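The block underneath contains the structure these notes are about, expressed in structure tokens.
The values are calculated or read from the model by the stated rules, or taken from the named source; none is laboratory data. Everything numeric here is computed off the predicted structure, so don't read it as measured data. Ideal geometry is used to build each Cβ from the backbone, glycine not excepted, and the neighbour counts take in all protein chains shown. Keep in mind that these areas ignore ligands, DNA and RNA; they rest on the heavy atoms of the full protein, side chains included. Shrake-Rupley method; radii C 1.70, N 1.55, O 1.52, S 1.80 Å.
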Amino acid sequence: MKKSDKKIEKAIISQLTDVCEETLKTDIGFEWLTHTVNYNRFPASLKVICVFDRKHHLAKSLGDGTDKILMEKIKQKLASIDVKLVNAKKQIFFDCEED
């Protein structure tokens with residue numbers, strides 16, 4: 001990993017940690033989030049996975065629009081460090097620990 005990639009990685013982790021901590025304060029069953037990236041194809045390769053504790057919390061989030069709010073938070077935080085997602089709907093995923 002190049003030095004510039006490490007700098008971007010550190011900034012991404014910081015911003016996603018902020019989103020995670022903010023979202024954990026809500027009572028929606030959100031547990032954690034993670035990301036993967038291939039810096040040879042950055043930013044198109046950036047993937048963010050939001051994990052919920054139970055299937056019914058995930059389904060509720062997808063049904064009531066909470067997923068869209070969380071997506072917007074992620075996009076805004078990443079944009080604040082000049083990381084623009086190519087296609088948020090294909091780069092931000094939702095999953096649950098039950099699966």
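Of the helices (runs of 4 or more DSSP H) contained entirely in the range 44-99, those carrying at least 3 residues that are open to solvent by 50 Å² or more (accessible area, probe 1.4 Å) fall at 55-64, 66-79.
Summed over the range 68-84, residues that are more than 15 Å from Glu22 (Cβ to Cβ) and either touching a residue at least 12 places away in the same chain (Cβ under 8 Å) or in contact with a Pro (Cβ under 9 Å, 6 or more places away or on another chain) (or both) total 3. Only one of these conditions is not met by Thr36: (1) surrounded by 13 or more Cβ atoms within 10 Å (Cβ to Cβ); (2) modelled with pLDDT of 95 or more. Which number is it? The single condition Thr36 does not satisfy is (1).
Among residues of the range 85-99 that are farther than 9 Å from Lys47 by Cα, those with a beta-carbon under 6 Å from a residue that is of a type in the set (Phe, Trp, Tyr) at least six positions away or on a different chain give the pairs Cys96/Phe52.
Return a yes/no flag: does the range 61-68 have any residue that is among the small types (Gly, Ala, Ser), over 27 Å from Lys3 (Cα atoms) and in contact with a Phe, Trp or Tyr (Cβ under 7 Å, 6 or more places away or on another chain).
Start the filter on the range 61-68 by keeping residues that are among the small types (Gly, Ala, Ser), which leaves 61, 63, 65.
Filter again for over 27 Å from Lys3 (Cα atoms), leaving 61, 63, 65.
Narrowing the set further to residues that are in contact with a Phe, Trp or Tyr (Cβ under 7 Å, 6 or more places away or on another chain) leaves 61.
Scanning the range 61-68 turns up at least one residue that is among the small types (Gly, Ala, Ser), over 27 Å from Lys3 (Cα atoms) and in contact with a Phe, Trp or Tyr (Cβ under 7 Å, 6 or more places away or on another chain).
Candidates are the residues of the range 1-40 that are within 12 Å of the chain's Cα centre (by Cα) and of a type in the set (Phe, Trp, Tyr); the one that is nearest to Lys68 (Cα to Cα) is Phe30.
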